[in-house]
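What follows is a short report on a single structure.
Any read-out appearing in this document is the output of simple, stated calculations on the displayed coordinates, not a laboratory observation. Remember, predicted model here, so these are calculated numbers, not experimental data. Cβ atoms come from the backbone with ideal geometry, glycine included; neighbour counts cover every protein chain shown.
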Amino acid sequence: MRDKPLREIDTAEYMNALCSIISKGKGVSSVVTGSSMAPFLISNKSWVYLEKPENKLSKGDIALYVRSNGDYILHRVYKVDGDDLYFVGDAQSVIEGPVPYSCVKGVVTKYKRRRKWKDTSTFIWKFYSKIWIRNIKFRYFAMKTYFALSRFLRKIKYKFYK
């Protein structure tokens with residue numbers, strides 16, 4: 001059986017379509033792209049299920065929001081200050097904000113890692129939303145170690161399969 005060629009879609013058009021579905025109260029799933037949420041969400045491997053936020057967001061929630069320049073970003077809430085939110089990616093140490101609550105398009109209610117959908121009650125979700133979010137200064141060294149170890153393990157794995 002022959003694979004069909006992949007169609008390229010404009011990112012802004014795709015995100016606008018997703019946000020339109022979410023705004024109507026329906027959930028959507030989407031693959032994660034970019035490395036700002038590593039190691040929790042891995043680019044092109046992890047998926048998120050986004051829904052319209054029913055309640056106010058709180059520290060540790062992952063939300064999809066749009067920047068003033070039109071970029072769509074999926075990051076974790078670092079701080080809530082009235083109607084302003086502050087965000088940071090799990091692989092980042094720079095906090096972005098204030099972002100008006102009106103810029104939030106969806107909230108992650110479940111995620112897919114290693115081919116299984118999981119909800120927000122898992123240990124790994126709680127670790128990143130409760131502990132990792134509080135250790136911004138430590139992240140730089142932790143992420144350098146994580147990526148170095150990942151490269152090392154890929155090299156070892158490659159040698160065994162060669």
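The figures follow:
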| read-out | value |
| --- | --- |
| Residue order, fewest to most beta carbons within 10 Å, for ARG151, ARG76 | ARG151, ARG76 |
| Environment charge of GLY27, counting only residues whose C-beta is closer than 10 Å and scoring Lys/Arg +1, Asp/Glu -1 | +2 |
| Rounded, prolate or oblate (a/c below 1.5 giving rounded, otherwise prolate when a/b exceeds b/c) for the chain by Cα gyration tensor | oblate |
| Likely footprinting exposure, PHE147, PHE152, PHE87, PHE40, fewest C-beta neighbours within 10 Å first | PHE152, PHE147, PHE40, PHE87 |
| Helix-derived mean residue ellipticity, 222 nm - over the chain, DSSP H n ≥ 4, -39500 (n - 2.57), to 500 | -8500 deg cm²/dmol |
| Exposure proxy order (Cβ contacts within 10 Å, fewest to most) of ARG134, ARG114 | ARG114, ARG134 |
